[in-house]
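Worksheet for the structure shown next.
The values are calculated or read from the model by the stated rules, or taken from the named source; none is laboratory data. Since the model is a prediction, treat every value here as computed from it, not as a measurement. Heads up, the Cβs are rebuilt from the backbone with ideal geometry, glycines too, and the neighbour counts pull from every protein chain shown.
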Amino acid sequence: MLKVNGLKVNYGSIEAVKGVDFEVKENDIVTLIGANGAGKSTILKTVAGLIKPAEGKIEFMGDDITGFETSNIISRGITLVPEGRRVFPDMTVLENIKIGAYLRKDSLSNDIEWIYSLFPRLKERHWQHAGTLSGGEQQMLALARALMSRPKLLMMDEPSLGLAPIIVKGIFEIINEIQKSGVTVLLIEQNANMALNAASYAYVLETGRVMLKGSGKELLADESVREAYLGKN
Ligand code: ATP
């Protein structure tokens, strides 16, 4: 579904991504893990069209989308949930959800029902200003808003950041449900344990390069991954 080849991304003279290849197959959950600064966010932003690559090719559903505008990329079915759950604080939960569908012209009511079935808490709180939601609820709202664009590929930047373990578990349960409903997921995470457990396939990034790849299970069992990312020997 998504094929990235030889991707290089620079910020001025800083080489953030130094020739990365990876692939996301339809209906998989794929994760990119790695330390801070490895280039994970930069890769997602580049796929989403927010940053232009210096080199390389990004193919989605057989089309070359390298360097395309974000609106074009969203309309093809790729949506990014950025890090830091950027909801609109002074708008209600429901208004935030509806904004996610701004590029659509069809009826939204079925999708709002679908969103409410995935996130009953958001249904209960549809009238509440998003800025007054808890951190976990804001992450769910950011996810819900992204789903309203009906993505084929949902990309998530650190959905578990700063959340309590029990909330993180809930977020991963929802990610699994989203995948079961037919959406492909590309996820970047500091929480390597949760991410590798959820992922069908995973890539380990270090300073702008892919150092290791394999199924979630293989990487969970890998000695170097355990030492570096899972806090176990
Ligand atoms: P984190 O988990 O900390 O977000 P990451 O793996 O997502 O890390 P990136 O945010 O992609 O890493 O950053 C990769 C490199 O690019 C880092 O060295 C970072 O300092 C640099 N970088 C990121 N954004 C910018 C920017 N806007 N301008 C300059 N350098 C940047």
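What to note about this one:
- Residue count for the range 46-68 under the criterion of being more than 18 Å from N10 (Cα to Cα), aliphatic (A, V, I, L, M) and either within 12 Å of the ligand (Cβ to nearest atom) or crowded, with 21+ Cβ neighbours inside 10 Å (or both): the result is 0.
- Of the residues A146, A164, A198, A192, the single one that is farther than 30 Å from E227 by Cα and in contact (Cβ under 8 Å) with a residue 24 or more places away in the chain is A146.
- Pair list, Cβ under 9 Å, 6 or more apart: the range 77-92 residue within 16 Å of the ligand (Cβ to nearest atom), other residue of a type in the set (K, R): L80/K45; V81/R145; P82/K45
- Residues that are assigned to a loop (DSSP other than H, G, I, E, B) and touching a strand residue (DSSP E or B) at 6+ places or on another chain (Cβ under 7 Å), drawn from the range 179-193: V183
- Residue within the range 5-20 that is closer than 27 Å to R145 by Cα, in contact with a helix residue (DSSP H, G or I) (Cβ under 8 Å, 6 or more places away or on another chain) and not in a helix (DSSP H, G or I) present: no
To keep it simple, each residue is scored yes or no on (1) part of a strand (DSSP E or B); (2) aliphatic (A, V, I, L, M); (3) within 14 Å of the chain's Cα centre (by Cα).
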| site | (1), (2), (3) |
| --- | --- |
| A142 | no, yes, yes |
| I167 | no, yes, no |
| G170 | no, no, no |
| E177 | no, no, no |
| A195 | no, yes, yes |
| M211 | yes, yes, no |
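- Entry remark, the range 1-45: residues being among the polar types (S, T, N, Q), under 15 Å from the mean Cα position of the chain (by Cα) and more than 10 Å from the ligand (Cβ to nearest atom) number 2 in total.
- Residue list for the range 181-229, restricted to those being in contact with a Gly (Cβ under 7 Å, 6 or more places away or on another chain) and polar (S, T, N, Q): N197, S200
- Some residue of the range 111-120 being buried (at least 16 other Cβ atoms within 10 Å of the Cβ) and within 22 Å of K40 (Cα to Cα): no
- Taking the range 21-39 as the range and being farther than 14 Å from M211 by Cα and either in contact with an Asp or Glu (Cβ under 6 Å, 6 or more places away or on another chain) or part of a strand (DSSP E or B) (or both) as the test, the residues that pass are E23, V24, I29, V30.
- In the range 124-139, of all residues being assigned to a helix (DSSP H, G or I) and of a type in the set (S, T, N, Q), the one that is farthest from the chain's Cα centre (by Cα) corresponds to T132.
- When the test is whether a residue is out of contact with any Leu (no Cβ under 8 Å at 6 or more places or on another chain), outside the structural domain of A101 (by the TED database), more than 16 Å from I78 (Cβ to Cβ) and outside any helix (DSSP H, G or I), V204 does not pass it.
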